[in-house]
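Okay, so here's the structure we're looking at.
Every read-out reported here was derived from the displayed coordinates using simple, explicitly stated rules and does not represent laboratory data. All values derive from a computational prediction rather than experimental measurement. Cβ atoms come from the backbone with ideal geometry, glycine included; neighbour counts cover every protein chain shown.
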Amino acid sequence: MTQELWTAVDRYFTDLLVPPDPALDAALEASAAAGLPAIAVAPNQGEFLRLLAQLHGARDILEIGTLGGYSTIWLGRALPPGGRLVTLEVDPRHAALARGNIARAGLADQVEILVGRAMDTLPQLADERHDPFDMIFIDADKPSYPDYFSWALRLSRPGSVIVVDNVVRHGAVIDEASDDPLVRGVRRLGEMIAAEPRVSATALQTVGTKGHDGFLLARVISA
Ligand code: SAH
Ligand code: DHB
Ligand code: MG
């Protein structure tokens, strides 16, 4: 009953407010047809990410966890001319599918997919010494969230925004005795941020088509 209601409300606002985008629909269809798990952000969450990036005026965006490129396309839609997005993906099948989806969305020139374990590609990115990222979206394997956050800080500037997906996990995050590596990863991230004077942060619960979950939002004070 509750999930049905959350899904219906998501559908209501998505139909009402979120403009249709055939390339985003096609990305979801191609991902489903290829057997990828249906764990991309919901459409209203994608629009939320796009708006955040636009509000922030983000020109350089980093995403950790591409899957089929659905959230990538939402974030890519926020880029100004000359802006760019780098997205990191370990699974070559996901990356190949995402590449097609991103090209269909007209974003091939602005989006770069780095294939490999993020803990290997993040140091490569740092070595390239390009401009710091204005916005970083962390959405790959949850046990590595603390490590990804450390790298996000290294690749940031004062004022950069870091968004972390799936920090509530149906409420499991409050279970301090959990031995689920996903929960432990998210809890360690929270503890790390609590002790980190270089960021201010908050977390918001969400309900919707993806159940009960949430986003963490951090602003880098000094990188
Ligand atoms: N951001 C996507 C969903 C990402 S799902 C969206 O909302 O549309 C998480 C992705 O992270 C999966 O594609 C998975 O293969 C990838 N992933 C898992 N472990 C990883 C790692 N160590 N390095 C990079 N990517 C990883
Ligand atoms: C799930 C959802 C996500 O958004 C994600 O990044 C990983 C897993 C899930 O529902 O299992
Ligand atoms: Mg996610």
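The table below lists the values:
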{"quantity": "Fully extended contour minus Cα-Cα distance, from ALA26 to GLU128, at 0.36 nm per residue", "calculated": "33.4 nm"}
{"quantity": "Dipole in debye (nearest 20) - segment 146-223, about Cα centre, beta carbon charges: Lys, Arg +1; Asp, Glu -1", "calculated": "380 debye"}
{"quantity": "Selected from TYR12, TYR70, TYR148 as most flexible by GNM, with the chain as the system and alpha-carbon contacts under 10 Å", "calculated": "TYR12"}
{"quantity": "Dipole axis of segment 18-158 (+1 Lys, Arg; -1 Asp, Glu on Cβ), positive-most option in ILE102, ALA118, SER31", "calculated": "ILE102"}
{"quantity": "Estimated vicinal HN-Hα couplings, Hz - segment 139-155 in sequence order (Karplus 6.51, -1.76, 1.60; Gly, Pro = x)", "calculated": "8, 9, 4, 5, x, 8, 3, x, 5, 5, 5, 4, 5, 4, 4, 5, 9"}
{"quantity": "Estimated dipole of segment 3-220 in Debye, rounded to 20 [Cβ of Lys and Arg +1, of Asp and Glu -1, Cα centre]", "calculated": "360 debye"}
{"quantity": "Segment 3-220: relative contact order in percent, alpha carbon pairs under 8 Å with at least 6 residues between", "calculated": "19 percent"}
{"quantity": "Selected from ALA223, ALA140, VAL90, residue furthest toward positive end of dipole (the chain; charges at beta carbon)", "calculated": "ALA223"}
{"quantity": "Segment 1-54, dipole about Cα centre (Lys/Arg Cβ +1, Asp/Glu Cβ -1), debye to the nearest 20", "calculated": "120 debye"}
{"quantity": "Three-way shape call for segment 1-109 based on the alpha-carbon gyration tensor, with the a/c threshold at 1.5", "calculated": "oblate"}
{"quantity": "Stretch gain in nm, segment ILE221-PHE13, where the contour uses 0.36 nm per residue and the Cα spacing is subtracted", "calculated": "71.5 nm"}
{"quantity": "Using θ = phi - 60° and Karplus 6.51 cos²θ - 1.76 cosθ + 1.60, couplings along segment 191-198 (whole Hz; Gly, Pro as x)", "calculated": "5, 5, 5, 4, 9, 9, x, 7"}
{"quantity": "GNM top mover of PHE137, PHE149, PHE13 - the chain, alpha-carbon springs below 10 Å", "calculated": "PHE13"}
{"quantity": "The chain - mean residue ellipticity at 222 nm from DSSP helices (-39,500 (n - 2.57) per run, n ≥ 4, rounded to 500)", "calculated": "-13500 deg cm²/dmol"}
